[in-house]
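These notes concern the structure reproduced below.
The values are calculated or read from the model by the stated rules, or taken from the named source; none is laboratory data. The shown structure was predicted, so the numbers you read here are calculated from the model rather than taken from an experiment. Cβ sites come from the backbone with ideal geometry, for glycine too, and all protein chains shown count toward neighbours. All accessible areas refer to the heavy atoms of the entire protein, side chains included, with ligands and DNA or RNA removed. Shrake-Rupley method; radii C 1.70, N 1.55, O 1.52, S 1.80 Å.
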Amino acid sequence: MASSSLGNILLIDDNPKLIRDTLPMYGYHTDCAEDGVLGLEFLEKNYQNIDLVLLDIMMPKMDGWETLKRIRENKKFNTIPVIMLTAVDEDYKQISGLKIGADDYIVKPFVLPNLLARIEALIRRSRWNKNKENRTVTNVKAAENISKLTQRELEILKMVSKGASNADIAEKLFVKEVTIKTHLNSIYKKLNVENRVQAVLLAIETEIVKE
């Protein structure tokens, strides 16, 4: 499937023409499925590339409510933002949908700037959350690797982070420079990095040293 830096949207709607023709004009790549069954099948294959789902409520085979339930029950893609499209502005139905897991509602006929603003806001929030999760996972792994270092290796890493050369460190620790090189190779291996710059960046990320 094609993609867009603004966002890739899956439109699940049995009458998609207006939205399908409009969104690409504003920079969004849009794929369409004409009912909930086809929409879920598409998500199974392409969920990693989908930033947001626009989901109509009234559809054949499987309506929007059931489709939303299935989306939120699937661990592969249950965090994808979903905007429900409805022709009926009834608060109790919208509240029910929010309880199931809808992120927002658009009542037809919709005002285009309103729809675009809600799409942009949800995609931006979703991407920020993903980046936050990725940073957390990266920092946890980095901290695990740091914990593998011996006290002497940790001491050397802190000195390297302050700009000390191998010769400086060797002199301060009263050992030969070749010993420092051996320690550094061990540090690189344990941290899964290739050089002292990467090792220092990892130390900064895990706050072993301060920038």
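For every other residue with a beta carbon closer than 10 angstrom to the beta carbon of VAL37, add +1 if it is Lys or Arg and -1 if Asp or Glu, then tell me the sum. Local charge sum for VAL37: -2.
Site pair ASN15 and ARG124 shows an inter-label distance of 3.2 nm when each label is modelled 7 Å from Cα along Cα→Cβ.
Quick one: with all protein chains in place, what share of the accessible area of the range 1-63 is carbon or sulfur, to the nearest percent (1.4 Å probe)? Carbon-and-sulfur percentage of accessible area, whole number: 50.
Under a Cβ-only charge scheme (Lys and Arg +1, Asp and Glu -1), can you give me the dipole magnitude of the range 170-211 about the Cα centre, in debye to the nearest 20?
Value, rounded to 20: 220 debye.
Going down the list LYS162/LYS189; LYS141/LYS176; LYS141/LYS172; LYS76/LYS148, which pairs span over 24 Å between their C-alpha atoms? In this structure, LYS141/LYS176; LYS141/LYS172; LYS76/LYS148 exceed 24 Å between Cα atoms.
Extension gain for LEU154-LEU6 works out to 49.0 nm (0.36 nm per residue, less the C-alpha to C-alpha distance). Between MET25 and LYS45, the FRET efficiency from the beta-carbon distance, with R0 = 25 Å, is close to 0.45.
For the pair ASN74 and VAL178 in one chain, pulling the backbone fully straight at 0.36 nm per residue adds 32.0 nm over the alpha carbon distance.
Here is the result for the range 1-53: no trypsin sites (Lys or Arg not before Pro) lie in DSSP coil with at most 12 other C-beta atoms within 10 angstrom of their C-beta.
The protection proxy used here, the mean number of other Cβ atoms lying within 10 Å of each residue, ranks peptides 66-72, 174-180, 113-119 as follows, highest first: 66-72, 113-119, 174-180.
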